[in-house]
Amino acid sequence: MPTITSKDGTKIAYQWEGNGPALIHVAGAIQHRAIDPTLARLSALLADRFTIILYDRRGRGESTDAPDYAIERELEDIAALIDVVGGKASLLGYSSGAVLAAEAALAGLPVESLILYEPPFALPPARQPMPADYVAKLDGFIARNDRDGAARHFFITGVGVPPEMVDGMAASPFWAIVTAIAPTLRYDARIMQRGYADGALPQRWAGIATPTLVLDGETTPAEMPYIRHSVETVAAAIPNARRRTLPGQGHGPAAEAIAPVLREFLNA
């Protein structure tokens with residue numbers, strides 16, 4: 001796979017498919033090309049009309065990493081990818097990747113359109129705010145190389161998955177995928193933490209002037225009850241954002257379900 005070199009020297013692996021206006025996928029926690037076939041399927045469905053860029057966020061898949069993390073480094077990664085496709089692109093972000101995509105637009109990157117799928121803020125009254133020590137505890141697990149502990153902390157405290165369900169996940173082959181990239185979970189924790197800072201989500205994101213579509217899945221609230229409130233809050237915070245729910249979809253939408261929605265929005 002080709003790579004680009006980000007500003008700090010990190011190599012970001014990506015793949016390019018199609019031709020036309022550029023759309024860059026910004027993955028959420030855990031998600032990357034090698035383990036999510038939906039991304040490739042969606043790219044194939046859109047490649048007749050768009051240039052689709054899939055990339056591995058730093059520390060995952062075929063991308064390298066750097067010892068010192070900051071959200072600005074990930075914004076520089078996205079900026080480098082935008083340069084590859086000619087200096088402007090739309091961003092499709094999933095979960096915490098949706099928050100990162102929004103931060104890219106807010107930072108002034110040349111983002112033509114934003115599609116935010118289920119940004120996962122824990123906002124009252126739907127859910128209590130994240131514990132103040134959430135990130136510090138996650139850092140502690142990583143510092144001790146306790147990847148199992150980090151993954152459990154992420155799912156139970158961060159996502160809100162019941163402990164007994166996490167036990168089932170840990171007994172499945174999926175767990176090896178999670179623990180392999182567990183150190184990068186602290187990156188997503190910091191991305192989310194910036195959004196929560198001082199309750200500033202509505203105020204800060206009011207500065208996003210980019211045309212935005214905020215999406216959720218109809219079935220997601222059954223497992224993550226706070227998602228719909230988060231999505232509604234984000235849609236209300238961004239001026240002129242559109243809001244849509246995909247019937248029958250959950251936190252990971254099927255390519256066939258989201259592709260026509262993307263076509264409609266990006267061609268508008």
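Could you tell me which of the residues Ala98, Ala89, Ala105 is under 26 Å from Ala176 (Cα atoms) and either at pLDDT below 95 or crowded, with 17+ Cβ neighbours inside 10 Å (or both)? Steps first, answer last, please.
On the way: Ala89 fails: under 26 Å from Ala176 (Cα atoms); Ala105 fails: under 26 Å from Ala176 (Cα atoms).
Exactly one residue qualifies, and that residue is Ala98.
I'd like the residue in region 1-31 that is polar (S, T, N, Q) and closer than 16 Å to Leu92 by Cα and, out of all such residues, is surrounded by the fewest Cβ atoms within 10 Å (Cβ to Cβ).
In this case the residue turns out to be Gln15.
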Got at least one residue in region 32-44 being outside any helix (DSSP H, G or I), of a type outside the set (S, T, N, Q) and either surrounded by 18 or more Cβ atoms within 10 Å (Cβ to Cβ) or in contact with a Ser or Thr (Cβ under 6 Å, 6 or more places away or on another chain) (or both)? yes
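Go through the residues of region 1-12 one by one and say whether even a single one is in contact with a Phe, Trp or Tyr (Cβ under 9 Å, 6 or more places away or on another chain), among the aliphatic types (A, V, I, L, M), assigned to a loop (DSSP other than H, G, I, E, B) and farther than 21 Å from Phe154 by Cβ.
Yes, region 1-12 contains a residue that is in contact with a Phe, Trp or Tyr (Cβ under 9 Å, 6 or more places away or on another chain), among the aliphatic types (A, V, I, L, M), assigned to a loop (DSSP other than H, G, I, E, B) and farther than 21 Å from Phe154 by Cβ.
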Residues (among the charged types (D, E, K, R) and over 19 Å from Pro221 (Cβ atoms)) located in region 126-167: Asp133, Lys137, Asp139, Arg144, Asp146, Arg147, Asp148, Arg152, Glu164, Asp167
Please identify the pairs in which a residue from region 105-120 that is within 19 Å of Arg190 (Cα to Cα) and in contact (Cβ under 8 Å) with a residue 40 or more places away in the chain has its Cβ atom under 6 Å from the Cβ atom of a residue that is in a loop (DSSP other than H, G, I, E, B) and acidic (Asp, Glu), counting only partners at least 6 apart or on another chain. none
If you go through region 66-77 one residue at a time, how many are among the charged types (D, E, K, R) and surrounded by 17 or more Cβ atoms within 10 Å (Cβ to Cβ)? 4
Output for region 35-68, where each listed residue is modelled with pLDDT under 95 and of a type in the set (Ser, Thr, Tyr): Thr38, Ser43
How many residues of region 51-61 are surrounded by 22 or more Cβ atoms within 10 Å (Cβ to Cβ) and within 10 Å of Gly18 (Cβ to Cβ)? The answer is 2
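The values are calculated or read from the model by the stated rules, or taken from the named source; none is laboratory data. If you're wondering where the values come from, they're calculated on a predicted model, not measured in any experiment. Positions of Cβ are backbone-derived with ideal geometry, glycine not excepted, and every protein chain shown enters the neighbour counts.
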